[in-house]
Amino acid sequence: MSKNELLYTRACAVIPGGVNSPVRAFGSVGGTPVYVASGKGARVTTCEGRTLTDFCCSWGAMILGHAQEEVVEAVCRQAEKGTTFGINTAIEVEFAERLCALVPCLERVRLVNSGTEAVMTALRLARGVTGRQRIVKFDGCYHGHSDSMLVAAGSGVLTGGITSTPGIPPEVAKDTFVVPYNNLEAITELMQAKGNEVAAIIVEPVVGNMGLVQPKPGFLQGLRDVADRHGAALIFDEVITGFRFGLSAYAQTVGIRPDLITLGKVIGGGLPLAAVGGSADFMGHLAPVGKVYQAGTLSGNPLAVAAGLKTLEILERDNPYPRMAALGKRLADAVNAKAEHFHCAQLGGVFTLFCTHAPVTNLADAKRSDTQSYARRFHHALDAGFYLPPAQFEAAFISAAHTEADVDALADAIKSQLLSAEKRGT
């Protein structure tokens, strides 16, 4: 029995399914999950001693690569002072100021510990401000695992073939309307019929949880317009997209001002940290100044804030975004030039290897992907020394630590598998 198999067997005896997040279980690609011992830059070393070039990057959080020296040093310096206090710290004030300066539509932010928690707070705030109960989300978008957001969700729920989940009360599910992503006509029609009941429209502005799917021209502005017409809040879930394509939220990039934005992953520098923010008026409804309650013992944790603050500082100083985007395009161009019935979607340093011949614009398109074909490609890449997301319906990430040689080698591995599949007729 290999070390991975041994660890997985032990884990299954004490952890449900052997994992602490379902997509790690390799359920959609088969085989034994990988266990990591360490990481440095663009590489991880497994418990079996293999070195893998990592294109998962902790699902996008490790934008600078693993164990970046300055981030590690910042965390160590803070750890020597204390890891948590449950009392205010100066560093969380500095971090909140930095976020507000970099994302102009954030006038106030509340720090939390996870993207799920940020979304929960945003939805509660929207309901508290509008006095309405219902939420509109988009088919295949994932907004964390709170009850109302697991209706027609993407990410691991989609990977597992589950469109909802047991444990969600029907009265909660009925308050979530679901429409197709990129279909402005559908949401316009829904809001005309039910708009006076809708507290908020929530969207991943660029979807990362049914694979990478970009908004059609005019779609996001259309959401802003329809929300305004019906008095609903517009929430951009930027847990993935925030600071991923540039030194701000994606909302700033496209010039749209949502009422609330949720942030996570990149802003934590590899530690658990997320945020929800918006206008001073909207955020003023949160306790202790307002009546909408939210709290958290570890919110604004100094270790996480230290990592996040140093990460933002490095991103501003070094500006790796153009190079990451160039690497992403280099990979997509190389793969798409050789692919049939296969498509590499790419934006900036984010990509998805869709096993379908046509570009993907919504969940229905994504579901046409051949998931068995993706599983074969995943394991071929893994055998060749590359770690990709172990699921078709996830995005992969290029970090500031990746090189041209890294993406060229991945492209070569993918192309060699494509050639092998063509010879076998698969």
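The values are calculated or read from the model by the stated rules, or taken from the named source; none is laboratory data. It should be emphasised that the depicted structure is a prediction, and the values quoted were computed from it without experimental measurement. As a convention, Cβ positions derive from the backbone with ideal geometry for all residues, glycine included, and neighbour counts pool all protein chains shown. Keep in mind that these areas ignore ligands, DNA and RNA; they rest on the heavy atoms of the full protein, side chains included. Shrake-Rupley method; radii C 1.70, N 1.55, O 1.52, S 1.80 Å.
In this structure, is LEU388 touching a Cys at 6+ places or on another chain (Cβ under 6 Å) and either closer than 28 Å to VAL203 by Cα or surrounded by 18 or more Cβ atoms within 10 Å (Cβ to Cβ) (or both)?
When the stated conditions are applied, LEU388 does not pass them.
Can you name the residue in segment 330-359 that is outside any loop (DSSP other than H, G, I, E, B) and β-branched (Val, Ile, Thr) and is also farthest from PRO320 (Cα to Cα) among such residues?
This residue is VAL335.
Considering only segment 197-212, I want to know if a residue exists there that is exposed (fewer than 15 other Cβ atoms within 10 Å of the Cβ) and not basic (Lys, Arg).
Looking through segment 197-212, none of the residues is exposed (fewer than 15 other Cβ atoms within 10 Å of the Cβ) and not basic (Lys, Arg).
From the list VAL109, VAL136, VAL44, which one is closer than 16 Å to VAL305 by Cα, within 21 Å of the chain's Cα centre (by Cα), part of a strand (DSSP E or B) and in contact (Cβ under 8 Å) with a residue 60 or more places away in the chain? Show your work before the answer.
Values: VAL136 fails: closer than 16 Å to VAL305 by Cα; VAL44 fails: closer than 16 Å to VAL305 by Cα.
Of VAL109, VAL136, VAL44, the one residue that is closer than 16 Å to VAL305 by Cα, within 21 Å of the chain's Cα centre (by Cα), part of a strand (DSSP E or B) and in contact (Cβ under 8 Å) with a residue 60 or more places away in the chain is VAL109.
Working carefully through the options ALA375, ALA400, ALA326, ALA409, find the one that is farther than 17 Å from GLN214 by Cβ, over 23 Å from the mean Cα position of the chain (by Cα), open to solvent by 10 Å² or more (accessible area, probe 1.4 Å) and among the small types (Gly, Ala, Ser).
From the options ALA375, ALA400, ALA326, ALA409, the qualifying one is ALA409.
What number of residues in segment 93-113 are surrounded by 19 or more Cβ atoms within 10 Å (Cβ to Cβ), out of contact with any Phe, Trp or Tyr (no Cβ under 9 Å at 6 or more places or on another chain) and over 19 Å from ILE256 (Cβ atoms)?
Count: 5.
Within the bounds of segment 118-133, is there any residue that is polar (S, T, N, Q), under 30 Å from ARG229 (Cα atoms) and in contact with an Asp or Glu (Cβ under 6 Å, 6 or more places away or on another chain)?
Yes.
Of the residues that sit in segment 43-64 and are crowded, with 21+ Cβ neighbours inside 10 Å and touching a His at 6+ places or on another chain (Cβ under 9 Å), which one is nearest to GLU238 (Cα to Cα)?
Selected residue: CYS57.
Please specify each residue of segment 238-295 satisfying the condition of being more than 20 Å from GLU394 (Cα to Cα) and charged (D, E, K, R).
ARG257, ASP259, ASP281, LYS291
Quick one: in segment 329-352, of everything that is of a type in the set (A, V, I, L, M) and open to solvent by 10 Å² or more (accessible area, probe 1.4 Å), which residue is nearest to PHE245 (Cα to Cα)? Spell out the reasoning first.
Here is the first cut: in segment 329-352, the residues of a type in the set (A, V, I, L, M) are 331-332, 334-335, 337, 339, 345, 347, 350.
Narrowing further to those that are open to solvent by 10 Å² or more (accessible area, probe 1.4 Å): 334, 337, 339, 345, 347.
Values: ALA334: 21, ALA337: 24, ALA339: 26, ALA345: 15, LEU347: 8 Å.
That would be LEU347.
Is at least one residue of segment 69-76 β-branched (Val, Ile, Thr), in contact with a helix residue (DSSP H, G or I) (Cβ under 9 Å, 6 or more places away or on another chain) and either touching a residue at least 12 places away in the same chain (Cβ under 8 Å) or in a loop (DSSP other than H, G, I, E, B) (or both)?
The answer is yes; a qualifying residue exists.
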